[in-house]
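**Student:** One structure follows; several queries about it will come next.
The values are calculated or read from the model by the stated rules, or taken from the named source; none is laboratory data. Predicted model, so just to flag it, every value in this text is computed and none were measured. Every residue, glycine as well, gets a Cβ built from its backbone with ideal geometry; the counts of neighbours run over all protein chains shown.
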Amino acid sequence: MDRDWARLGSALRAARDDLGLGQKDVAERIGVTRNALRNIEVGEISRVTPTVREYTRIVGWTEASIDAVLNGGDPTRETVPPDDPTTTVTVETPEELPLRIQAALAGGGPVLDTAVINLPSEDGEDSDAQMVIVVKGRSGDVTPEQMRKALLQWERTEAQIRNSGKE
């Protein structure tokens, strides 16, 4: 069975629209041009790239959704949408994590977002290593405006991190 790239692009565009996200917003968050995002949405791609993976993360799909949609199935949404700041997420602190990380996760403040970034290899492809980021807000009374500003700052920082491996 041929993989249906146009179907994947159409499904991603529909998921983006359902979330009320603009093409420009998603492109900026991923760190690509609107034209690159358009190419994905119209199916003018021929392989799953880190950009496609990040797009699926932004719209709340599981990683397995890419292959499912390419093969004629439906995407599966994450149980907790990654971009919903109203959702409370509890982060466990497994004992195998370094003490510095355990202390940071156990401290007060809401979890604002998480990201798993595939680290690039020397040849530009994804390596076998990943970076896991947990973004936490300040503890105490935080206004919605302060939360919004923190999330916007994280989005800019995330785009810089993702783009640093593409140089």
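**Student:** With the condition kept exactly as written, say whether any residue in region 39-53 is part of a loop (DSSP other than H, G, I, E, B), in contact with a helix residue (DSSP H, G or I) (Cβ under 8 Å, 6 or more places away or on another chain), farther than 18 Å from Arg156 by Cβ and polar (S, T, N, Q).
**Tutor:** Checking region 39-53: at least one residue is part of a loop (DSSP other than H, G, I, E, B), in contact with a helix residue (DSSP H, G or I) (Cβ under 8 Å, 6 or more places away or on another chain), farther than 18 Å from Arg156 by Cβ and polar (S, T, N, Q).
**Student:** Would you call Gly9 part of a helix (DSSP H, G or I) and at pLDDT 90 or above?
**Tutor:** Yes.
**Student:** Related question: Hey, among the residues in region 131-167 that are small (Gly, Ala, Ser) and in a helix (DSSP H, G or I), which one's farthest from Glu54 (Cα to Cα)?
**Tutor:** Ala150
**Student:** Follow-up question, since we're still on this one. Under the condition of being assigned to a helix (DSSP H, G or I) and more than 15 Å from the chain's Cα centre (by Cα), which residue from region 24-36 is modelled with the lowest pLDDT?
**Tutor:** My answer is Lys24.
**Student:** Would you pick out the residues in region 1-46 that are among the hydroxyl-bearing types (Ser, Thr, Tyr) and either loosely packed, with under 13 Cβ neighbours inside 10 Å or on the phi > 0 side of the Ramachandran plot (or both)?
**Tutor:** Thr33, Ser46 - these are the residues of region 1-46 that are among the hydroxyl-bearing types (Ser, Thr, Tyr) and either loosely packed, with under 13 Cβ neighbours inside 10 Å or on the phi > 0 side of the Ramachandran plot (or both).
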